[in-house]
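The structure appears right after this line, and notes come after that.
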Amino acid sequence: MTSLFYYLIQVIVSSGILYLYYQFFLRNKRFHQYNRFYLLGTVIISIIIPFLRIPVYFTHEDSASSIVFRTLTILGPSSEEIPLNTGNLSALQNTSHHTVDLIYCLYALIACLALGRIIIGLVRIKTLGNRNPSKKIGNIFFINTSDSHAPFSFFNRLFWHRDIELKSEKGEQIFRHELFHIRERHSLDIVFMELVSMVFWINPFFHLIKKEMRAIHEFLADRYALDKCNQWNYAETLLMHAFQTRQSLVNPFFHNQIKRRIAMITNPKKTSHQYLRKVLVLPVAVVIVTLFAFSYRKNNPIVSSSKDMITVVVDAGHGGDDPGVQSPDGKYRESELALSITKMIQRLAPEYNINVLMTRKDANYPGGAADKNQGLMKRVEITNEISPSAFISIHVNNSGIKGFQNKNSGIEAYVTNKREDDPGKAAASAILQELSAVYKTSIDLKYRENLGIYVLDKNKCASVILECGYMNNRQDLDFITNEANQEKMARAILKGLVNFNKSLAFQAVPALQTIDTLPHSYTIDGKIDFAGGITFKAENITVKTNEVPSGQSFNPKLIVLNGSLLTQEDAKNTFKNATVRNAEIQILAPNNGEAIGKYGERAREGVIVIENAVMEKKEPKLLKNLTLNGVEGDPLFILDGKVLAREDAEKTMRSLDPNTIESINILKDKSATTLYGEKGKNGVIQIITKKKKYPSSAYLQPGDSLIVREDSPSNVQ
């Protein structure tokens, strides 16, 4: 409700400023065509400009001290305004849901009445056209009628009164006048303004603009008609037939703006400073854009690069047919307040380089759940599928006392008691530390000793429930229902998550020998450097280290990759120059009985289990076409003294690991034929490998160095 109300105010103010400029500097001036498009532009700009959201950042010092900033953030749109249908959290938050619905219905009813008036006018015009004979002249339908409102035009229909002689001077004047309306399509302007006035019937300036638009149409048509007649005779015609018209959708010749029309006809004096009057509208437009198109925000120094963005699941508690607790006066529901705060967090999150995913975005349960229990399971399912850095569930507390009370107050945080090494404790502490600067906050973490809390116990990531004050404490309630305070809480929560993220040292993964610096569970993008020289580039990798006690040295001899057992040496070669994506890495501590039973004695020193890994390795480096520069035909390939057939040479070059090659000797011309006779006439490539055996799955990688010896100048392609 508040956004609709705020939007209408912005439209009214924008159109008011532009119309007042027209009233004082442009009205009754002789540049009518300019005025026509100025008024049309005023309507369009006033409707569109509140939708623009161009961010402009102020520093913290500016926001605290600058009167300009405080004024602009009140008049202009901020990046945190509440969307439509926030109900009792809006500017009408003290109004009941029924009152809000009544206001909507009343507004729609008046708009429907205006629409009905437009439809009736269209039906009358159509009926009048059908009842009277018409003749097509060019693209104009000429309709003879005895209707009292004629002559008038509507799009390409010209309704002519039978009593007016078309071939008379007066008839020619009127015909030229109406012909201009048709050619310039003035009926489009009229219909457009009628529709705008219908939707924005509450805006008085649109009604004034609609009236002015009709007058400008007449000024333009009069000027066209005067080219072929005497201005005084034309003015006399207007005076003799001046009367009111009840047709609102047409361009009648005898319009009620008679005085202004005669003044325009008889006053040949040009408008002074007309170019200045037109140009000065630009500063006015700048004022409108400054007030309503820019989104004024406080500059946030916390933002870092996009590659370091973390993902957090934010949950609005309750929902569906479970409203949670309610305020004693019945005005507020926990589910609605929680949803409002989570939406605020999501809107502000990009400023803190945090990607926020919400479990629910409306009044329903998450994930289409049918009841409360399914809703809880869906929350856990959604979170564990995403594997975020943290899960934050927003709630509002209640002390159980009927009516308002003063005993219990302030923000509290709940964590699970099922895990001793729970990262949720660190997340909750970081968030509470920031919230304590915003409102009364209990720093002590809370948990349920016996029953536990499902979303905290079952989520695999750091999970926290925030109770954002007490619903039955009037001071708490006043604080959390205020939009500005909701923004403060949202920013404090996001700052806490940033601090929690920093404490996990996401940006650098140390070797596993120094396991004491690693957290319980984390997600990493970057480089993973395990013990034993196992190194690879990681993208979206989830690592769990809960089985390794803090400070314990860890150097596993066994790696399990997608179900296959690898030694450290095999893993080192397998991961060489590789990128691993979307893997889940589980670190099993030494002497893990389950690991020994599953993988044997080799698992006694610990195991690294890598599952669901998608690996990407660089393309192998090949000798292009297996040819030599300056030599025609295929060279002879010799591998460790063994002559290779042509079809085997390419396979061999694809399978060679550069680390296995001792040297490559290239022989041409006499040196080649001396050693290998006629077979060496196209050149010889001798490859000598090291004695050590390497896995057959290895590749010759791009960028690896080779030792090349040449007996004569040549190049390998």
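The values are calculated or read from the model by the stated rules, or taken from the named source; none is laboratory data. Small disclaimer: the values here were computed from a predicted structure and weren't measured. Glycine also receives a Cβ, built like all others from the backbone with ideal geometry; neighbour counts cover every protein chain displayed.
What are the residues in region 362-386 that are assigned to a loop (DSSP other than H, G, I, E, B) and crowded, with 18+ Cβ neighbours inside 10 Å, if any?
365, 369
Within the bounds of region 207-224, is there any residue that is in a loop (DSSP other than H, G, I, E, B) and either at pLDDT below 80 or on the phi < 0 side of the Ramachandran plot (or both)?
no
I'd like to check something: does region 397-414 contain any residue that is within 30 Å of residue 543 (Cβ to Cβ), buried (at least 16 other Cβ atoms within 10 Å of the Cβ) and in contact with a strand residue (DSSP E or B) (Cβ under 7 Å, 6 or more places away or on another chain)?
Yes, some residue in region 397-414 is within 30 Å of residue 543 (Cβ to Cβ), buried (at least 16 other Cβ atoms within 10 Å of the Cβ) and in contact with a strand residue (DSSP E or B) (Cβ under 7 Å, 6 or more places away or on another chain).
Can you pull out every residue in region 162-178 that is without any contact (Cβ under 8 Å) to a residue 40 or more places away in the chain and within 56 Å of the chain's Cα centre (by Cα)?
175
Given the condition assigned to a loop (DSSP other than H, G, I, E, B), surrounded by fewer than 18 Cβ atoms within 10 Å (Cβ to Cβ) and at pLDDT below 75, answer yes or no: does some residue in region 272-284 qualify?
For region 272-284, residues assigned to a loop (DSSP other than H, G, I, E, B), surrounded by fewer than 18 Cβ atoms within 10 Å (Cβ to Cβ) and at pLDDT below 75: present.
For residue 704, only one of the following conditions fails: (1) touching a strand residue (DSSP E or B) at 6+ places or on another chain (Cβ under 8 Å); (2) modelled with pLDDT under 50. What is its number?
Of (1) touching a strand residue (DSSP E or B) at 6+ places or on another chain (Cβ under 8 Å); (2) modelled with pLDDT under 50, only one is false for residue 704: (1).
If a residue must be surrounded by fewer than 21 Cβ atoms within 10 Å (Cβ to Cβ) and touching a Gly at 6+ places or on another chain (Cβ under 9 Å), how many such residues does region 309-324 contain?
Here the count works out to 3.
Could you tell me whether region 131-144 includes any residue that is assigned to a helix (DSSP H, G or I), under 30 Å from residue 178 (Cβ atoms) and at pLDDT 90 or above?
Scanning region 131-144, I find at least one residue that is assigned to a helix (DSSP H, G or I), under 30 Å from residue 178 (Cβ atoms) and at pLDDT 90 or above, so the answer is yes.
Inside region 464-563, counting only strands (runs of 3 or more DSSP E) that do not spill past its ends, which hold 2 or more residues that are within 30 Å of residue 403 (Cα to Cα) and modelled with pLDDT of 70 or more?
Counting at least 2 such residues, we get no strands (runs of 3 or more DSSP E) at all.
Here is a list of conditions, (1) under 18 Å from residue 314 (Cα atoms); (2) of a type outside the set (Gly, Ala, Ser); (3) at pLDDT 90 or above, and residue 425 meets all of them except one; can you say which number that is?
Among (1) under 18 Å from residue 314 (Cα atoms); (2) of a type outside the set (Gly, Ala, Ser); (3) at pLDDT 90 or above, residue 425 violates only (3).
State all residues of region 350-361 that are surrounded by fewer than 23 Cβ atoms within 10 Å (Cβ to Cβ) and part of a helix (DSSP H, G or I); if no residue qualifies, say none.
Scanning region 350-361 gives 350, 351.
Taking the stated definitions as given, is residue 182 without any contact (Cβ under 8 Å) to a residue 40 or more places away in the chain and aliphatic (A, V, I, L, M)?
Spelling it out, it is not the case that residue 182 is without any contact (Cβ under 8 Å) to a residue 40 or more places away in the chain and aliphatic (A, V, I, L, M).
Can you find a residue that is farther than 17 Å from residue 342 by Cα and hydroxyl-bearing (Ser, Thr, Tyr) anywhere in region 478-497?
No, every residue in region 478-497 fails to be farther than 17 Å from residue 342 by Cα and hydroxyl-bearing (Ser, Thr, Tyr).
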